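Novice: Input: one structure, supplied below.
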Amino acid sequence: MDNLRSSIKAGDSQKVEDNLKRLLERGEDAKDLLDNMIESLREVGDAFSKGEAFIPEMLIAAKAVQHGADFLNPELIKKKVPKIGKFMIATVEGDMHDVGKNLVAMMFRGNGFETIDLGVDVSPNMLIEAFDEYTPDIVGLSALLTTTMGAMKASIEALKTKFPHSKIIIGGAPITQEFADEIGADGYAPDANEAVNSARKLMGNKSNSLYPEVES
Amino acid sequence: MNSKERVLTALNHQEPDRVPLDLGGWVTTISVITYNKLLRLLGVEREGEVFDWLRQTVAPEEDILEKLGVDTRWIHPGKPKSWTFAPKETEKGLYVEDEWGCGFIKTPTTLYYNLCYSPLAKASIEDLENYPWPDPCDPGYIEGIREKAKMLADENEYAIVGNFVWETWYERAWKLRGMEQFYMDMALNRDFVHAILEKVLELHLNFLDHVLSECGEFLDVIIQGGDLAGQETTLMSLDDYREFVKPRQKKAIELIRKKTKAKIFYHCCGAVSSLIPDFIDLGIDILNPVQVRAKGMDAGMLKAKYGNKIVFWGGVDTQQVLPTGYPKDVENEVRHLIREMAPGGGLVVCSVHNIQADVPPENALALFNSVLRWGNYPLRPDL
């Protein structure tokens, strides 16, 4: 298990896969392995939030865990382990910046969420259509520019009007908790790691136990 | 004291007659949308022209610079002869490839061009040698710059600032590679990061040599830059900065020092406070844009820690105050900035980055008027 963790931190996807293969053969449970990977990613995420790890370290760990989670997926399906939740993310209309958004998407995937990435410059109408199609537990909206913060507000209004129970978290360089409160977002996160924490909180009981066993 | 003396005094960490003002630079200028509104507010009946196609900003005309009390005049390189700005209409919007082969798109909903194609996304170190690099000595870059710089020097009225950042060698590397891939490489493919940075730096040094041979003797300030930080922290660790970036900044600075006596202005957005000691160590004279809403970028703290070693150029918040405040809020922001950073000189005021398209023209005007009102030395006790 230590090898698995160190290969995640080194961002070595192939080694992550090799370790998982070995551990599964040894009889380890796929869900435990996934939980372990999530824990490793959280450690990197916490270091990132504290300014002890940076974009390169965060990116490679998130990608490695994503690779590992994909590798475990058939096993998890076989065991009927559901995803922790469904997360849909977009950069709002008028904004083409995607590095922060991609990092958040990776963190959610790595943390066991089914993640739908709608891309950049996504209009309120596109969000509504996608929400209707995917029914995510949590929606994440990203903006880097102050000029597109208005589009964030319009997106939340549109989603909340059509889907009053939707849960929306927002983030991006100019975004603050005050702004999130003002425009009716359910959560704000200053970084990708905090976004996952915020989503978990908003999901309440549903996220209390990771990968709850499903009655077969 | 004229504008030139005002700026030079502030840059030498002494108090001039008032805090100097800048507008019209690479990223210290104004969106064409706001500029046109500002012109109407000033009763000027004409439209501004886009000067920087990428950011859709203007180079304000002389009458407006005078009206606003701007103390700087900028020398920008010309357009390269080997490349033409020719946006193509595509399904998604207007698409342009710049002289480096990087693709940018402006969709109907976006206010300027954004990177959408990185030609070296999948390249190996070997591929770098065969890439069709632009010619850093293209004659178009220097067209007219000597004449303009000499004319300004002869007038001896304004501080002359050379915009010879050439979109920065550091950011050029990740634009060619793609930002995400570049930062992945920084962890997993470090030799590639060194190779691409070395290549773009080599071209940048040739460019600097080319333009400074033309007009270096006339410049008071030359700008360099490259964003190394985000809202909360630097994008890379201090160790990585010192391995990948700092030695190359040093090479550029060494060349600049040989070619001009101009002060060196370094633009780096974001929460960059942890890098300032290294910038000072490199001999960088001026830090821009002083993004005061980023973490650890409090004006008073920066002044107290580094104010006697580096000049602050910028500082009026574009993330909250300029777009969402009232003119009174802008005035208070400027007063606060002057109170914290102007004592002893060492401050040139402008907005943090370009004045964006969502800034009301009244707020843009308030920035300049507030410096004229509150920026006189000796500083007012009621600041």
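Novice: With respect to residue A:105, determine if the residue is assigned to a helix (DSSP H, G or I), in the same structural domain as residue A:1 (by TED's automatic domain parsing) and buried (at least 22 other Cβ atoms within 10 Å of the Cβ).
Specialist: It is false that residue A:105 is assigned to a helix (DSSP H, G or I), in the same structural domain as residue A:1 (by TED's automatic domain parsing) and buried (at least 22 other Cβ atoms within 10 Å of the Cβ).
Novice: Here is a list of conditions, (1) within 30 Å of residue A:21 (Cβ to Cβ); (2) more than 13 Å from the chain's Cα centre (by Cα), and residue A:158 meets all of them except one; can you say which number that is?
Specialist: The single condition residue A:158 does not satisfy is (1).
Yes or no, residue by residue, for (1) crowded, with 18+ Cβ neighbours inside 10 Å; (2) assigned to a helix (DSSP H, G or I); (3) β-branched (Val, Ile, Thr); (4) at pLDDT 95 or above:
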residue	(1), (2), (3), (4)
B:199	yes, yes, no, yes
B:203	yes, yes, no, yes
B:206	no, yes, no, yes
B:222	yes, no, yes, yes
B:241	yes, yes, no, yes
B:248	yes, yes, no, yes
B:256	yes, yes, yes, yes
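Novice: Select from segment B:259-294 the residues that are closer than 23 Å to residue B:244 by Cα and of a type in the set (D, E, K, R) and list them in ascending order.
Specialist: Once the filter is applied, which keeps residues that are closer than 23 Å to residue B:244 by Cα and of a type in the set (D, E, K, R), segment B:259-294 yields B:278, B:281, B:285.
Novice: Hey, can you tell me all the residues within segment B:269-294 that are under 15 Å from residue B:318 (Cα atoms) and assigned to a loop (DSSP other than H, G, I, E, B)?
Specialist: The answer is B:269, B:270, B:271, B:289, B:290, B:291, B:292, B:293, B:294.
Novice: Would you check which residues across segment B:114-169 are within 14 Å of another protein chain (Cβ to nearest Cβ) and not in a loop (DSSP other than H, G, I, E, B) and list them?
Specialist: Within segment B:114-169, B:114, B:115, B:116, B:117 meet the criteria.
Novice: Can you pull out the residues in segment B:38-95 that are free of Cβ contacts under 8 Å to residues at least 40 places away in the same chain, part of a loop (DSSP other than H, G, I, E, B) and among the hydrophobic types (A, V, I, L, M, F, W, C)?
Specialist: B:44, B:50, B:51, B:59, B:85, B:86
Per-residue answers, yes or no, for (1) of a type in the set (S, T, N, Q); (2) closer than 25 Å to residue B:320 by Cα; (3) under 21 Å from the mean Cα position of the chain (by Cα):
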| site | (1), (2), (3) |
| --- | --- |
| A:132 | no, no, yes |
| A:138 | no, no, yes |
| A:142 | yes, yes, yes |
| A:162 | no, no, no |
| A:169 | no, yes, yes |
| A:173 | no, yes, yes |
| A:183 | no, yes, no |
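Novice: Confirm whether residue A:42 is modelled with pLDDT of 90 or more, more than 9 Å from every other protein chain (Cβ to nearest Cβ) and closer than 23 Å to residue A:80 by Cα.
Specialist: Spelling it out, it is not the case that residue A:42 is modelled with pLDDT of 90 or more, more than 9 Å from every other protein chain (Cβ to nearest Cβ) and closer than 23 Å to residue A:80 by Cα.
Novice: From A:126, A:88, A:149, which residue is outside the structural domain of residue A:4 (by TED's automatic domain parsing) and out of contact with any strand residue (DSSP E or B) (no Cβ under 8 Å at 6 or more places or on another chain)?
Specialist: One residue alone meets the criteria, A:149.
Novice: Something else about it: Do you know which residues across segment B:170-185 are closer than 17 Å to residue B:122 by Cβ and in a helix (DSSP H, G or I)?
Specialist: B:173, B:174, B:175, B:176, B:177, B:179, B:180, B:181, B:182, B:183, B:184, B:185
Novice: Of all residues in segment B:296-329, how many are part of a helix (DSSP H, G or I), closer than 26 Å to residue B:362 by Cα and more than 14 Å from chain A (Cβ to nearest Cβ)?
Specialist: Of the residues in segment B:296-329, 4 are part of a helix (DSSP H, G or I), closer than 26 Å to residue B:362 by Cα and more than 14 Å from chain A (Cβ to nearest Cβ).
Novice: I'd like the residue in segment B:96-113 that is among the charged types (D, E, K, R) and in a strand (DSSP E or B) and, out of all such residues, is farthest from residue B:166 (Cα to Cα).
Specialist: By that ranking, first place goes to B:106.
The values are calculated or read from the model by the stated rules, or taken from the named source; none is laboratory data. Note that the structure is predicted; figures quoted are calculated from it, not measured. In this analysis, Cβ positions are derived from the backbone assuming ideal geometry, glycine residues included, and neighbour counts consider all displayed protein chains.
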